[in-house]
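Only one structure is covered here, and it is reproduced in the block below.
The values are calculated or read from the model by the stated rules, or taken from the named source; none is laboratory data. These numbers come from a predicted model, not from an experiment. Cβ sites come from the backbone with ideal geometry, for glycine too, and all protein chains shown count toward neighbours.
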Amino acid sequence: MNRMRRGLVTVVLLSALMIGTAGCTAMGGSSGGSSGDSSSSEVQSGQDAGGAADDQAPGAVEDKDSAVVTTGRMLLTTDDPLAAADDATKIAVDAGGRVDARNDNAGGDGAAAQAEVVLRIPADDLEDARAALKKLGELEETSFSAEEVGATQRDLDARITTLRTSIARYTEWLGTAQKTSDLIELEQAISERQSELESLTAQKRDLDDRVAMATVTVTFMSVYVPQTTAPQNPLEAIAAGWSAFVSFWSATGIALAFLLPWLVVVAVIVLVVLWIVRRRRGSASAPAPAAEAGAAADAGAPAASAPAPAGAPAESQEQHDAPR
C-alpha cells in the first residue's frame, strides 16, 4: 500500500510539473513575440556600440585587480658618494617619496668612500626616478623585480570584512545577553576577533604601502685608488729603513718582556739541576785519593825491601832506590 501511495504521489507531482512547464513556455513565447523586435534592436545596438569596450574589458579588470610590489637595487660609482646620496634623496622627495634608511662611510686610509640610501618612490613615477638616478654616476649594477600580490590583497580585504561583520554581530548579541556566562563568552569572542582584525589591518596597510611605493636601494661608491708604499727617493728609503730597524728592536723587546717570566723560571730550574749534579759528583770522588795512596804504598814496599842482585852496578841500584 505504501508503495502504491508513493507511486501515485510521484505521478501527480510529475503531471503538475509538466503542466506548469508547458504554461511557462506558452507565456514566454507570447511575451517573446510581442517584445522580440525591441529586444533584438537593443541587443544589436549594444553590440555595435560596445564592441570596442568588450575588447578592452579584460585588460581593465586585470588592471583593477592587479597589485604589484616592486623592489630594486642600483650600484653606481661617482667621485663624491655622499653628495650623490643627497641628490638621490632629493629625487625621491621631489617624486613624492621618502627615505627609509641611509648609511654613509667617508672612507680613508686607502678605503673607498661609500653611501647607501633606501628610497621609497611612488610606483607610477618609478621609471622617471630611475632615469634620474642613473645620471648621478656610472651605473655598475642594477636589478629590479615585481611581485604580484593581488590575491593576497583581496584575501586580506575579505577576511577584514568578515571579521568586522562578526564583531558587529557579537556586539549585538552582547547587548541582549542575560546570563553572565554568555556575557563572558561573547566578550572573549569579541576580544579575539578584535585582535585578529587589528593584525590583519596592519598587514593590509603595510601591503598597500609596498604596492603604492616601490623600494629602491641605491649604493654609491668612489673609485678605489691604492696608495703607493715604496720609497720614491733616498731620504724616504733611509726613513723606511730606520722605521724598520726601530720596529724590529721594538718587537724584539716586546717578545723578551713577554718571555721574561718564563726565562726566569727556566733559569732557576737549570741552576738547581746543576747544583744537584755537582754535589753528587763531589760525594762520589771524595774517597778516590785515599784509595790511590794506599795502593801506591802497597806497591812500593816490596820494591824497597828486595835485595839488589849480585854484581849489579851501584848506579843502577841507586836509580832503583830513588823515589819515582
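Filter the range 94-111 down to residues that are at pLDDT below 90 and over 22 Å from the mean Cα position of the chain (by Cα) and give me whichever is farthest from Arg130 (Cα to Cα). Filtering the range 94-111 for residues that are at pLDDT below 90 and over 22 Å from the mean Cα position of the chain (by Cα), the one farthest from Arg130 (Cα to Cα) comes out as Asp109. For beta carbons closer than 8 Å, sequence separation of 6+ or different chains, a first residue in the range 189-205 that is in contact (Cβ under 8 Å) with a residue 24 or more places away in the chain and a second that is surrounded by 13 or more Cβ atoms within 10 Å (Cβ to Cβ) and among the aromatic types (Phe, Trp, Tyr), the qualifying pairs are Arg193/Tyr170. Checked against the criterion of being loosely packed, with under 11 Cβ neighbours inside 10 Å, modelled with pLDDT under 85 and out of contact with any strand residue (DSSP E or B) (no Cβ under 8 Å at 6 or more places or on another chain), the candidates Leu235, Leu274 yield just one match: Leu235. Residues in the range 199-215 that are of a type in the set (Ser, Thr, Tyr) and in a helix (DSSP H, G or I) were compared, and the one that is farthest from Ala158 (Cα to Cα) is Ser199.
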